[in-house]
Amino acid sequence: ALFMGTGSPGGWMGSTCGALEGGRYKDVMQAVLLAVCAGLCWGIGEMFTKQVLHSKTVGPITAITIRSTVALPVLWIAYFVAVRVMKAEPGDWWRASTTGTLLKLVLGSGLVAGAAAMIFFYSALSRGQISVIKPIAFTLAPACAVMLGWLILGEPMSVRKGIALAMILGGVVLLTGK
C-alpha cells in the first residue's frame, strides 16, 4: 500500500497506473510495475556491488552487512508508514500469526531468503561476472518459486507456464554458457 496509492498494494506510483480501470487488471499492472522497479533497482545496485567487490578492498560479507545496515532504517520507516500512517498492513501481525507463520517468516524469509541467499549471491558476485551470476540467481529463484508454488502451494500449472519456464531457463543457459 505504501507505493501504489491509497489502500492498494504499493502511493507514489498510483498515478502511473491510475488510468487503468478494472480492479484486478489494475492490481496486476501495479504489481508488474513494482516488479520492474525492483528488478531495475537490483540490477543497478548489484552493478555497483560488483564494482566494489572487484576492487578487492571490500569482501562479500562486508558488502552484505553494509547493505543490510543501510537498508534497515529505510525499511523500518516504510514499515511505520505502512502500518501506522496508511493502515495498509496489519499492526498486530506478531500476535495474530500462528507459530508456523512466524517460523516461516523468520526461517524462510529471514534466514534462507535473506541471509543465506545474500551470502551465496555476494560470494558468487565477488568471484564471477555479473552478466553470468545475476541471470543464474535471478532466474533460478522464480523458476524455483513457480515449481514450489505448483507442488506445495497448489498454484495452477499450465502448459504455457511450463513452456515459458523452459524458455527462460534456456535463455539463461544461452546467456551464461560458453
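Pairs please, first residue from the stretch 150-163 and closer than 27 Å to LYS104 by Cα, second anywhere and open to solvent by less than 100 Å² (accessible area, probe 1.4 Å) and not aromatic (Phe, Trp, Tyr), Cβ atoms under 7 Å, 6+ apart in sequence or on different chains.
Close Cβ pairs (under 7 Å, with a partner that is open to solvent by less than 100 Å² (accessible area, probe 1.4 Å) and not aromatic (Phe, Trp, Tyr)) amount to TRP150/MET157; GLU155/GLY149; LYS161/VAL146.
Would you point out which residue out of ALA117, ALA96, ALA113 is under 23 Å from TYR79 (Cα atoms) and either surrounded by 13 or more Cβ atoms within 10 Å (Cβ to Cβ) or touching a Lys or Arg at 6+ places or on another chain (Cβ under 6 Å) (or both)?
Result: ALA117 is the single residue among ALA117, ALA96, ALA113 that is under 23 Å from TYR79 (Cα atoms) and either surrounded by 13 or more Cβ atoms within 10 Å (Cβ to Cβ) or touching a Lys or Arg at 6+ places or on another chain (Cβ under 6 Å) (or both).
Looking at this structure, is ALA88 small (Gly, Ala, Ser) and surrounded by 15 or more Cβ atoms within 10 Å (Cβ to Cβ)?
Here the answer is yes, as ALA88 does meet what is asked.
Go over the candidates GLY108, GLY59, GLY100, GLY39 one by one and state the one that is under 18 Å from the mean Cα position of the chain (by Cα) and modelled with pLDDT of 90 or more.
Of the residues listed, the single one that is under 18 Å from the mean Cα position of the chain (by Cα) and modelled with pLDDT of 90 or more is GLY108.
I'd like the residue in the stretch 136-167 that is of a type in the set (Val, Ile, Thr) and more than 17 Å from ALA35 (Cα to Cα) and, out of all such residues, is surrounded by the most Cβ atoms within 10 Å (Cβ to Cβ).
ILE136
Has the stretch 138-155 got any residue that is in contact with a Phe, Trp or Tyr (Cβ under 8 Å, 6 or more places away or on another chain) and under 28 Å from GLY59 (Cα atoms)?
Yes.
The values are calculated or read from the model by the stated rules, or taken from the named source; none is laboratory data. Quick caveat: nothing in here was measured; it's all calculated off a predicted structure. Note: ideal-geometry Cβ built from the backbone for every residue, glycine included; neighbour counts use all protein chains shown. Just the protein is used for accessible areas: all its heavy atoms, side chains included, with ligands, DNA and RNA removed. Shrake-Rupley method; radii C 1.70, N 1.55, O 1.52, S 1.80 Å.
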